[in-house]
Every structure is written in structure tokens, then in C-alpha cells.
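The values are calculated or read from the model by the stated rules, or taken from the named source; none is laboratory data. Source: prediction; values computed, not measured. Counting neighbours? That spans all protein chains shown, and the Cβs are built from the backbone with ideal geometry, glycine included.
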Amino acid sequence: MSNKLLLHAEKIDKSFGPTHAVNEVSLDFYEGEIHALIGENGSGKSTFTNMLTGILPIGSGTFTLDGGDVAPKNQVDANHHGIAIVVQETGTLSGLTVAENMFLGDEDQFARGGIKDSAAMNRKAQELLDAYGLGHIKATSVIDNYDFEDRKLVEIVKSTWFDPKVLVIDETTTALSQSGRQKLFEVMRHVRDLGHCVIFISHDMGEVLDMSDRISILRDGVFITTVERGEVDEDRLKTLMVGREMDGHYYRTDFPDYAKEAPGEVAVSLRGVSVPGEIDDVSFDLHHGEILGIGGLSECGMHEVGKAIFGASFDRAGEVSLADGTQVKDINTAIDHSIAYASKDRDNESLLINDTIEDNITLPSMRDMGLVLSDRHLYEFADTYAKLMSTKMVSVKQFVSALSGGNKQKVVLARWLGKQSDILVLDSPTRGIDIKVKAAIYALLEQMRAEGKAILIISEEIMELIGMCDRIFVMKDGTINGELTRDPDLSEQDLIAKMV
């Protein structure tokens, strides 16, 4: 590597109780590079970068940036040292404006005589948003007015406006549509071209190989190796991550003969479902024994469809009905009638983030367990399904907030496996999941399909839709713009043509 050394990590170490999350990791990062940091869920990637960026205190070891030791006390302190991060989950605060979120902890630069000049702060924020091509986001608006993707884009602007020497991108692409990802990639390349360093964490091996100059692998908190991008392919990276050869099989290999096979009974029907500003007159049937996919570009409305089925939409019109005629108008009715829902925004909509794994998994199933609930029964129930999903944890008594993003997703899925739901609405089900567990989830979905369960997958991953679904609805501008059926010749371009 001919570039100058920018950041050195010397024997960085961190434990949480008996869990050794990062085990004396030493790494070098250079000027003018995008350096990928990869590994399975719980391998220590986020813990390592959270110490670098002040989210977690350093256990032991030293970070050296530009020849000087750095140990940020918090994210604002890290920013002042030239280090920024865009986290996997939501990193903005509700109730504040876009501008207030962008300059949180750094408002003093807009103070005049000890009084904050809000107008100057708003002007600067809007100037930055416009420069990033995000003029549709208004600096003076409350951040809650924007969806998950736009909030992530605000975080990207927030993390880069001060020209950081080191920018950490922690699984951010999983929260973005294809257009959002392209904006992020432009930012990453810009930071690299300025002579700075991007540390890129992703489970998408294609993205890693496309975007990175060098790639470092962690496994169980231990540094394995660093490789140049041109030295490896996806299969080699997978082997380095999991410590053994992967067979490369993710998706289904069957292709149903629709001319001969009758569909299963209708599990849930949507008729004229509309949500103001989100979806308009959406109608379809989801059958038992099928995996139905919904895809589309950002703001096409697909994520709202999942909420509508689960009774979680505001101002919904139209009908969501089950085979027995039950009308699903609220979440309690959905759960009582065996509908499961996993939201894309898991921290805010799918999990009790400040509660235990046990409580999260057992919550929807408690009414099925009888009048007397013993602590032992609840523990064993949660432990069974957490382990079925290979959740990396100390025990089910651990708080969900302490888990990595991928392990949080496993808890969400474990909850509904325990509930034995017949209708599963899964929005971005493999977001932030490592390759080994992703393959296991796909196998589980195949099994549930064979058992007659009705499964709806909402996904921004085109190959996930093509590889797993019997039928695919493509949405555009809040309506269904096309239907495709499972076929070995179905291509990404077939879906994209109906998205744009």
C-alpha cells in the first residue's frame, strides 16, 4: 500500500461480561482508501467501530489517528477529532428539526452573543442538503416528517459536512433503496478521493467487492486477515468469514408448473387498500403455500402495504380480510388471527429495544401459554427460538439493545417462529443478516411454504425476490405496476423495467 498510514488500531479489546466481543484487534487504515470490515453477525465489526467513534468506551488498546492517540468520549468528540459514523439503525432524534439533528452538539458555531442563531443554522443545513441533491428535505421541518430512508440521508450529510478524515459506514446500505445507495456510494468515493478513509461495513459481498480497495475480516472478535480486492471473489470472502467452505446455495431451486398446480386457499385478501400519500387502491390475494414478493424503488409504497395488512396503518381505507371473513383493522386482531409482521425499521417498530431477548420473543405468545406463566417456561420458550435462529447472546436475559443489528433481526424472526403464525409479512427480512444465517432463513421460508404458511416478502433486494418468491408484484407510485411469476429466466432487468 503506497498511501500514507492514517489510522492505526493497536490491540483493541472489548468485553461485555463473559462475551469477548473484540479480542486484541490490530489494523491499519490508509489515506485514500475504502476499507471494508466484514464478518458474521457478532464478529465484532460494530463494536470495533463504535469504540473508534465514541459510541462505546474503549476496553483496552489504542487508536492512533495522524500520529496522535484518540479515545473519543462520544460521537461529538469523535467528530471534533475528524471521525464520523453513519449507523445501521436510526441515528436521528425525534422532535428535533432536520437542522437541529445535523448540528446536534455543535450548535455553538451558530451562537451570537451566547444566543443560538437558528436562522443561520437553518440556512447552512439547507445549503448542505441542496449540495447533496437532497433539496426535497427541508432544514426547518421536524425530522419525524420524513421516512426512514430520508432520515438516513440526513445522517449521511451530518456525518460528512465537516470533511472527516475517517468515515465509518456501518451497514447503512441495508436501510436504503437502490437510489439511496447510489447517493451513499457517491459520498464514499468523494471522501476517498479527498485523501481520507472510509471504513465500510456490509454483508453484501457484491457491494464490498465493488466499493472497497482492501477488505479485513473479523471472526468471533478476532482479526483473521486483510486482503486486496483483486485477490478474492465472493466465495473466498464467505469462506474467510465463516471459517469453512460455503456451498453457495441461498435460493430456491424449484420452479412450480403454474399450468398444473392449483394455488392454495386464500389466506388474506386486500381490496382497494389505500393510505393517503402512500398507497392507492391496492388489491391482491395472498395464498397459503406461497411466497409472494413485493418490490420497487424508494417511496413506491411497498413498505406501507405490510403495515396495512398488520393493521398498523393510519387512515387506511379499503379492506384487509381473512378467509373466515374477519376484517383486520388493528394490530391485536392481526396477532389474534395468526398474522406476523417484521418491520424494516426494527428498532422502532419491531422490538422493545430496552427490554430483554426473552421478553421480546415471548410477548406475542403469552396469551397462548395458559393462565399461569412460570419464569422457567418463559425462559425455555425464548431460549429455544433464540437458539433456533442462532442468536449470538450471553443468554435470553440479555437486553436487545446490546445486540448487533443482525442479531436483533434474529430476535424479531424468533418471536414469530415461537408464535407459530400462519401468515407472515416480512419487510426486509434479511436486512443486516450475515451470509450463513441468511441461507438458513431462506431454507426456513421454504420449509414454512411447504407447510402451507402464507408468506409475504417485501424487499429492496431484487435477487432475493427472484430467488425466493412464487409471484412478485412490482410497485410504482403507490400502485401495483406489474406481476411476475417464478421462472428460471426471470432477470433483474424484468423487475427494474416495471419499477421505473
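Structural remarks
- Within the range 320-334, residues that are touching a residue at least 24 places away in the same chain (Cβ under 8 Å) reach partners that are in a helix (DSSP H, G or I) and of a type in the set (Val, Ile, Thr) with beta carbons closer than 8 Å, at six or more positions or on different chains, in the pairs Val320/Ile309; Val328/Ile309; Ala334/Ile309.
- Criterion (buried (at least 22 other Cβ atoms within 10 Å of the Cβ), under 30 Å from Phe223 (Cα atoms) and not aliphatic (A, V, I, L, M)) met by exactly one of Gly39, Gly67, Gly59, Gly82: Gly39
- Matching residues in the range 397-415 - criterion: being within 19 Å of Asp347 (Cβ to Cβ), in contact with a Phe, Trp or Tyr (Cβ under 9 Å, 6 or more places away or on another chain) and either without any contact (Cβ under 8 Å) to a residue 60 or more places away in the chain or of a type in the set (D, E, K, R) (or both): Gln398, Ala414, Arg415
- Pick from the range 258-304, criterion exposed (fewer than 15 other Cβ atoms within 10 Å of the Cβ), out of contact with any His (no Cβ under 6 Å at 6 or more places or on another chain) and not in a strand (DSSP E or B), ranking: modelled with the highest pLDDT: Pro276
- Residue under evaluation Ile156, criteria (1) part of a helix (DSSP H, G or I); (2) of a type in the set (A, V, I, L, M, F, W, C); (3) at pLDDT 95 or above, criterion not met: (3)
- In the range 352-372, the residue that is farthest from Met302 (Cα to Cα) out of those that are of a type in the set (A, V, I, L, M) and crowded, with 22+ Cβ neighbours inside 10 Å is Ile357.
- Any chance Ala382 is more than 21 Å from Ala175 (Cβ to Cβ), in contact with an Asp or Glu (Cβ under 6 Å, 6 or more places away or on another chain) and not assigned by TED's automatic domain parsing to the domain that holds Ser177: yes
- Inside the range 1-48, residues that are among the aromatic types (Phe, Trp, Tyr) and within 26 Å of Lys408 (Cβ to Cβ) make up a count of 2.
- One residue stands out among those in the range 10-24 that are surrounded by fewer than 22 Cβ atoms within 10 Å (Cβ to Cβ) and in contact with a strand residue (DSSP E or B) (Cβ under 6 Å, 6 or more places away or on another chain): the one that is nearest to His203 (Cα to Cα), which is Asn23.
- Residue in the range 452-464 that is out of contact with any helix residue (DSSP H, G or I) (no Cβ under 9 Å at 6 or more places or on another chain), surrounded by fewer than 22 Cβ atoms within 10 Å (Cβ to Cβ), at pLDDT 90 or above and not charged (D, E, K, R) present: yes
- Contacts under 6 angstrom Cβ, first residue in the range 105-119 being in the same structural domain as Asp77 (by TED's automatic domain parsing), partner of a type in the set (Lys, Arg), 6 or more apart: Glu107/Lys116; Phe110/Lys116
- Asp28 meets each of the listed conditions (1) under 19 Å from Ile224 (Cα atoms); (2) in contact with a helix residue (DSSP H, G or I) (Cβ under 9 Å, 6 or more places away or on another chain) apart from (2).
- Matching residues, the range 319-328, being under 13 Å from Ser274 (Cα atoms) and surrounded by fewer than 17 Cβ atoms within 10 Å (Cβ to Cβ): Glu319
- Hits in the range 428-450 (condition: of a type in the set (S, T, N, Q) and more than 28 Å from Ser298 (Cβ to Cβ)): Gln447
- A search for C-beta distances below 8 Å between a residue of the range 376-389 that is within 22 Å of Tyr442 (Cα to Cα) and any residue that is outside any helix (DSSP H, G or I) and aliphatic (A, V, I, L, M), counting only pairs 6+ apart in sequence or on different chains, returns Ala382/Val396; Asp383/Val396; Ala386/Met393; Ala386/Val396.
- Residue within the range 342-359 that is assigned to a strand (DSSP E or B) and assigned by TED's automatic domain parsing to the domain that holds Asp477 present: yes
- For the range 1-104, the strands (runs of 3 or more DSSP E) that sit wholly inside it and include 3 or more residues that are within 19 Å of Gly195 (Cα to Cα) and not β-branched (Val, Ile, Thr) are 5-16, 19-30, 33-38.
- Criterion violated by Asp315 - all others in (1) at positive phi; (2) at pLDDT 95 or above; (3) of a type in the set (D, E, K, R) satisfied: (2)
- Inside the range 187-237, residues that are out of contact with any strand residue (DSSP E or B) (no Cβ under 9 Å at 6 or more places or on another chain) and within 27 Å of Asp13 (Cβ to Cβ) make up a count of 1.
- Some residue of the range 171-185 being charged (D, E, K, R), at pLDDT 90 or above and surrounded by fewer than 21 Cβ atoms within 10 Å (Cβ to Cβ): no
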